[in-house]
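Quick notes on the structure that follows.
The values are calculated or read from the model by the stated rules, or taken from the named source; none is laboratory data. The shown structure was predicted, so the numbers you read here are calculated from the model rather than taken from an experiment. Reconstructed Cβ throughout: ideal geometry from the backbone, glycine too, with neighbour counts over all protein chains shown. Note: areas computed on protein heavy atoms with side chains; ligands, DNA, RNA excluded. Shrake-Rupley method; radii C 1.70, N 1.55, O 1.52, S 1.80 Å.
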Amino acid sequence: MEINSDNLNSTMNKVPQKQPYRTWYHFQPPKHWMNDPNAPMYYKGVYHFFYQHNPHAATFGEKMVWAHSVSYDLINWIHLNHAIEPSEPFDLNSCWSGSATIIPGKEQPVILYSGIDDKKHQVQNIATPKNLSDPFLREWVKHPQNPVMTPPIGVEVDNFRDPSTAWQGKDGKWRVVIGAQNGDEGKVVLYQSEDFANWTVELNPFFASDNTGVCECPDFFPVSINSTNGVDTSVQNQSVRHVLKISYYRRNQDYYFLGKYDNGDGNFIPDVKFIGTSLDLRFDYGKFYASKSFFDHAKSRRILWAWVDECDTRDHGIEKGWAGLQCIPRQVWLDESGNRLMQWPIEEVEKLREKQISIKGEKLVGGSTLEVSGITASQADVEVLFELPEVENAEFLDESEVDPHLLCSEEYVSRSGIIGPFGLFALASEDQTEHTAIFFRIYKTSNRYVCFMCSDQSRSSLRENLDKSSYGTIFDIDPNQKTISLRSLIDRSIIESFGEKGKICITSRVYPSLAIDKDVHLFAFNNGRQSVVISELNAWSMKHAEFDQDQSIYQQ
Ligand code: DQQ
């Protein structure tokens, strides 16, 4: 088939023309369903991103493939042919999630992925690039020894999946963790190998928790204690701590555990156990699942991706012709306190910033709103620093009676407190009947000061039949704290918000009916009784990222 700009576009755009919810700079496939990020990696100057994809519909499929895209900057992408598709007895019923490991010395990327085999058992397989001199690594070859791992004793045959990036211990052996379940116990199992092809399972689970369902997509990586730089997955020394991330199937949420990884006995000792309350650490308190990180050695940073699902109905997904997208890749590092991770959108996203507006020293008295005009509010990057009144004046909160998620629900944003709620109304209609409120409210408890951060979607759309849950969490603040910061990446149906320079992240998916395209507005607001000051607000319209299709896709 000869390619020209007309038929390229018509082939790409089988989705309906009017697409108010399709994102401009968040990664999406040209059409149909996507979920987990798979095997993100940087290899010889190119970023590779694979993802779970149903190439036939905007719904999860019975034969999932690994779609593949490449980029030079993690923001503009070229979509390639599928890298891995069901074809062999060991993956005939789907190619599910997995990760990449770059073998040092040989400098060869190896993918470990889960196959759903001809008996519908979950097994682990290897794929390697066919031609290392192709900079885009378009073709992948399945290993002759596949499957290289089958469900071990004590693991259900249909709950054994999602190999992590492997790491090399001080003894030179490779190790990898796999998500699993047995009855009520969700677990992460550890395998070891000397040659990356022959793997043996460790009898004791690497990690286990009750009543969480399968521990999907485990991710295990070191973080520097003294630097925001990332480190390679195999690094083990006194200057790092380790992070184990689990995607808990029953909760549909990602949790992470900081801890000590001692290669002497091969155990990971998390600082705390999973307790199932708001005290458990999460990358993101909103819509964010199956995340996966990789070490970007080009810029010495660790980057995190995650699947951001729809909150709309399945039928609307089918009507739109697509479902699912990815968060903007985030740099992740250990907070100075050593007790939590910080996240920030990669700096490359700022290349999309254009028209900028700034507000400085604007007082927001209780009950006021201020329109932030002059930018394209449907696709924007907004950074705001609020100056707080004395936090000593904050109202009292009895923590034993509060669940942050419940408190952040519908009426909370309009209920006036002393300090807050204050923040942004994003993707708002002119009359504010539709808006998503991202906001803070300060309290004092019996022994400390805390801040609530919420993303309230209850007024995000006049449409019914949407999941309009609100998300929120609580974090400590310094009694001498004078300011608090918020950044929101707004992109038509997604708002990713970063509170306190990336300490707390909340992602929302919303589908306004009035606030679309040119009718989208952005406001700052304060519903607290005490005034807060916008010390500084900078907002930019965001350009469209480029999502191109590799022409070789059409040469078949
Ligand atoms: N999605 C994949 C599985 C994984 C789940 C299938 C997590 O491998 O456990 O698409 O979203």
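Numerical summary
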item: Across LYS106/LYS245; LYS173/LYS273; LYS31/LYS63; LYS31/LYS320; LYS31/LYS518, pairs whose alpha-carbon gap is larger than 19 Å; result: LYS106/LYS245; LYS173/LYS273; LYS31/LYS518
item: Extreme residue, positive dipole direction of the chain, given options SER337, SER416, ASN229 (C-beta unit charges); result: ASN229
item: Neighbour cut-off at most 10 other Cβ (10 Å), DSSP loop, trypsin sites (Lys or Arg not before Pro), region 271-324; result: LYS273
item: 3J(HN,Hα) from dihedral phi, region 303-310, Karplus parametrisation 6.51/-1.76/1.60, rounded to Hz, x for glycine, proline; result: 10, 10, 10, 7, 7, 10, 6, 7
item: Residue-count net charge about ALA428 - beta-carbon cut-off 14 Å; Lys, Arg +1, Asp, Glu -1; result: -4
item: Charged-residue dipole, Cβ positions (Lys, Arg, Asp, Glu), the chain about Cα centre, Debye nearest 20; result: 540 debye
item: 12 Å beta-carbon shell around VAL382, net charge (K/R +1, D/E -1); result: -3
item: Net dipole in debye of region 353-542 [+1 Lys, Arg Cβ; -1 Asp, Glu Cβ; about Cα centre; nearest 20]; result: 340 debye
item: Sulfur and carbon atoms: percent of accessible area, the chain [1.4 Å]; result: 47 percent
item: Cα gyration tensor category, rounded, prolate or oblate, for region 33-347 with a/c compared to 1.5; result: rounded
item: Isolated Cys in the chain, by beta carbon distance under 4.7 Å; result: CYS95, CYS215, CYS217, CYS311, CYS327, CYS451, CYS505
item: For TYR191, solvent-accessible area (1.4 Å; no DNA, RNA or ligand), Å²; result: 10 Å²
item: Alpha-carbon Rg with Dmax, taken over the chain, Å; result: 23.3, 71
item: Those residues of region 253-283 whose amide nitrogen sits under 13 Å from the label point placed on ILE225, 7 Å along Cα→Cβ; result: 259-261
item: Prolate/oblate/rounded call for region 259-329, Cα gyration tensor, a/c under 1.5 rounded; result: oblate
item: Solvent-free Debye scattering, log10 I(q)/I(0), computed from the Cα coordinates of region 353-542 at q = 0.10, 0.14, 0.18 Å⁻¹; result: -0.35, -0.70, -1.18
item: Kirkwood Rh, Cα atoms: Rg over Rh of region 429-520; result: 1.04
item: Mean accessible surface per residue for the chain, computed with a 1.4 Å probe while every protein chain stays in place, in Å²; result: 39 Å²
item: Karplus-derived 3J(HN,Hα), 6.51/-1.76/1.60, for each residue of region 292-298, Hz, glycine and proline x; result: 8, 10, 8, 8, 9, 6, 4
